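What follows is one structure encoded as structure tokens, with my remarks underneath.
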Amino acid sequence: MSFWETFYKNKLALTGSGIVLLLFLVSLFAPWVAPYDPGQIDLKNVLLAPSMNHLFGTDQLGRDVLSRMIWGARISLKVGFVATGVAIIIGTLLGAVAGYYGGWIDAVIMRFVDIMLCFPTFFLILAVIAFLEPSIWNIMIIIGLTGWMGVTRLVRADFISLRERDFVQAARVIGAGDLRIIFGHILPNAMASILVAATLGIAGAILTESALSFLGIGVQPPTPSWGNILTAGKDNIDIAWWLSLYPGLAILITVVGYNLLGEGIRDSLDPRLKK
Amino acid sequence: MIPLLLGITVICFFVMRLAPGSPVDLETQMNPKSSVEMKERLKTLYELDKPIHQQYWSWLKKLSHGNLGISFASDHRPVTAKIMERIPITILLEFLSLLIIIAIAIPIGVLSAVHQDSLFDKMTGVFVFIGFAIPTFWLALLLMIFFGIHLGWLPISGLRSLNYEYLTAWGQFVDLARHLVLPVFISAFGGLAGLSRYMRANMLEVIRQDYIMTARAKGLSERDVIYKHALRNALLPAITILGLSIPGLIGGSVIFETVFAIPGMGQLFYMAVMARDYPTVMGVLLIGAILTLVGNLIADVSYAVADPRIRIS
């Protein structure tokens, strides 16, 4: 069965891609989908419970929560992709070099991975971000810089198992250089596991960003993000449950969506990896 | 061990030197009486006027004596003392969460493997999937709203009630326990999904082995086969997974200690990060990494103790 045939038969994977697609559309069309301006302060309508006018209620400055969440979807999409992109690029390069060359290069790189894995990731991210000012670009890059180790191990394992295969030997015999063998011959064969790691990585990055923004060290207000709406939820925890409920639900559904998609891709690309 | 430790200190040090503003500015900007000389004096005091490798070397030398420097916070106390008074709370919380993770995740994993594809298996499958995806701080908020505010059963902040001093010893214990319920549950929740899924996979793997067939063939009851022969072998690798979950638990302490206002290491870290208290941030980062290293070491050792095959090879 081809990739698409298997993928289409997988209902969970289809649900996942549906969720992800919906998020893309909402982010893309945020200015048209959002019922209100997400920054529109209305001090006469502060902390209104959900109603027909404001489906998800209003926050402590009278801003429409649904509109802020729709714009927040853009942020989490951006963070997810950029952070994961950084992690995948670093992880793939280091893993490829370590797996292909082996020897002391491999030893040095893998030692570095071991050292990085000793740090509770959240501690490391928090420390770096606080010292670099919490702008959205810093957050994205730092989440990526602290999240590449798993990818390195994965890619390295793939390279080690592939580097002695016949097609690589053949490429070597016809005189292909190391770069060409790494990027032209071995890497395409490792793409499947990288793609799966990337999809699951996006979910992780979105979770991390929301936790950082919740702590006030991530995306800074007034820019809306799901995490910083939840901060307002905590500040008004005894009077405004809607500020706590809906943004968290959005994070949960998004992360479930990417996880389902990732597992769906894995099962369809390589049935042997199926759990 | 030693190269790992050195690597950890280098990364800690590098991270701290990324900072654009210096702590001297932070202390002098707010003070109209500060002069240029005072700035210089502070710079010398914090050794910020020396080249970076000397700063690292002198930091490392002090470190070897357990001296993490003086906090930049207004209390100007030694960082080691600040961390030491908070570590027991964090370790107590992590330890309780580990116990809960073990007590819940292992039975779930084993039962769902033994009854593969049953309703129970499917339901725990859904639970695990949600467990992987749920933001723990959000779950904390929901539980605070439900148990703390809506039902009013549990306190939602701190470790002690205001009248703690006046309670009997038993009353103090109950008070502390009530304060711990939500934070420990939240801290354990993240690890539950991972370990139960892992136990299930392990158990499924073990049940297919030849020696299980042998056990069945010689007429042992299904109970004995599962709980004596299979379980022991499936439990072993779980030790490693527990070791691997330690950095996550410690990292998570920042979130739930901040949410529940618990005076542990995570909260100290959060406050230090917000105040740009370099020595404290560096100290907690370092201690966090060392705790992880120790946790993994304990996991490795107990694995070797539990499994004779490891010792031989």
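The values are calculated or read from the model by the stated rules, or taken from the named source; none is laboratory data. The structure presented is a predicted model; accordingly, all values stated were derived computationally and were not measured. We place every Cβ from the backbone using ideal geometry, glycine too, and count neighbours over all the protein chains shown. The protein model used for the area step is the full one, side chains on, heavy atoms only, and it has no ligands, DNA or RNA in it. Shrake-Rupley method; radii C 1.70, N 1.55, O 1.52, S 1.80 Å.
Some values worked out for this structure:
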read-out	value
Some residue of segment A:79-100 being without any contact (Cβ under 8 Å) to a residue 24 or more places away in the chain and in contact with a Leu (Cβ under 9 Å, 6 or more places away or on another chain)	no
Only listed residue being modelled with pLDDT of 90 or more, open to solvent by 10 Å² or more (accessible area, probe 1.4 Å) and within 14 Å of chain B (Cβ to nearest Cβ), chosen from A:G204, A:G216	A:G204
Single match in A:G99, A:G85 (criterion: open to solvent by less than 50 Å² (accessible area, probe 1.4 Å) and either of a type in the set (K, R) or farther than 28 Å from B:P3 by Cα (or both))	A:G85
Failed condition for A:T231, given (1) within 9 Å of chain B (Cβ to nearest Cβ); (2) without any contact (Cβ under 8 Å) to a residue 40 or more places away in the chain; (3) not aliphatic (A, V, I, L, M)	(1)
Qualifying residue in segment A:51-64 (condition: within 14 Å of chain B (Cβ to nearest Cβ) and over 30 Å from B:L291 (Cβ atoms))	no
Elements of type helices (runs of 4 or more DSSP H) in segment A:87-161, at least 1 residues being in contact with a Phe, Trp or Tyr (Cβ under 8 Å, 6 or more places away or on another chain) and farther than 17 Å from A:M191 by Cβ	A:121-132
Of all residues in segment B:260-269 being out of contact with any Lys or Arg (no Cβ under 8 Å at 6 or more places or on another chain) and more than 7 Å from chain A (Cβ to nearest Cβ), the one that is nearest to B:P135 (Cα to Cα)	B:F260
Failed condition for B:F132, given (1) in contact with a helix residue (DSSP H, G or I) (Cβ under 7 Å, 6 or more places away or on another chain); (2) at pLDDT 90 or above; (3) open to solvent by 20 Å² or more (accessible area, probe 1.4 Å)	(2)
Only one of B:E257, B:E222 that is of a type in the set (D, E, K, R) and within 14 Å of chain A (Cβ to nearest Cβ)	B:E257
Qualifying position, being touching a Phe, Trp or Tyr at 6+ places or on another chain (Cβ under 6 Å) and within 8 Å of chain A (Cβ to nearest Cβ), among B:V273, B:V284	B:V284
Every pair of residues 6+ apart whose Cβ atoms lie under 6 Å, when the first sits in segment A:102-123 and is more than 7 Å from chain B (Cβ to nearest Cβ) and under 30 Å from A:L212 (Cα atoms) while the second is open to solvent by 20 Å² or more (accessible area, probe 1.4 Å) and at pLDDT 95 or above	A:I109/A:L94
Residue selected from segment B:98-138 under the condition of a type in the set (G, A, S) and within 14 Å of another protein chain (Cβ to nearest Cβ), by the criterion nearest to B:I226 (Cα to Cα)	B:A113
Of all residues in segment B:152-190 being at pLDDT below 85 and within 13 Å of chain A (Cβ to nearest Cβ), the one that is surrounded by the most Cβ atoms within 10 Å (Cβ to Cβ)	B:G190
Residue within segment A:153-160 that is among the basic types (K, R) and within 13 Å of another protein chain (Cβ to nearest Cβ) present	yes
Among the residues listed as A:A192, A:A198, the single one being at pLDDT below 90, part of a helix (DSSP H, G or I) and surrounded by fewer than 24 Cβ atoms within 10 Å (Cβ to Cβ)	A:A192
Flag for A:P224 being facing chain B (nearest Cβ under 10 Å), more than 16 Å from the chain's Cα centre (by Cα) and either closer than 23 Å to B:F256 by Cβ or not polar (S, T, N, Q) (or both)	no
Selection status of A:W104, open to solvent by less than 20 Å² (accessible area, probe 1.4 Å), modelled with pLDDT of 90 or more and among the aromatic types (F, W, Y)	no
Any chance B:K228 is modelled with pLDDT under 85, more than 10 Å from chain A (Cβ to nearest Cβ) and more than 14 Å from A:L126 (Cα to Cα)	yes
Evaluation of A:V46 against (1) open to solvent by less than 70 Å² (accessible area, probe 1.4 Å); (2) within 17 Å of A:T223 (Cα to Cα); (3) in contact with a strand residue (DSSP E or B) (Cβ under 7 Å, 6 or more places away or on another chain) (one fails), failing number	(2)
Some residue of segment B:73-91 being at pLDDT below 80 and either of a type in the set (V, I, T) or open to solvent by less than 50 Å² (accessible area, probe 1.4 Å) (or both)	yes
Filter result (open to solvent by 40 Å² or more (accessible area, probe 1.4 Å) and either at the interface with chain A (Cβ under 10 Å from one of its Cβ atoms) or part of a helix (DSSP H, G or I) (or both)) within segment B:139-151	B:L142, B:F146, B:F147, B:I149, B:H150
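Here is a yes/no grid of residues against (1) of a type outside the set (F, W, Y); (2) in contact (Cβ under 8 Å) with a residue 12 or more places away in the chain; (3) under 30 Å from B:V259 (Cα atoms):
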{"position": "B:I149", "(1), (2), (3)": "yes, no, yes"}
{"position": "B:R208", "(1), (2), (3)": "yes, no, no"}
{"position": "B:T214", "(1), (2), (3)": "yes, no, no"}
{"position": "B:R223", "(1), (2), (3)": "yes, no, no"}
{"position": "B:A230", "(1), (2), (3)": "yes, yes, no"}
{"position": "B:N233", "(1), (2), (3)": "yes, yes, no"}
{"position": "B:L242", "(1), (2), (3)": "yes, yes, yes"}
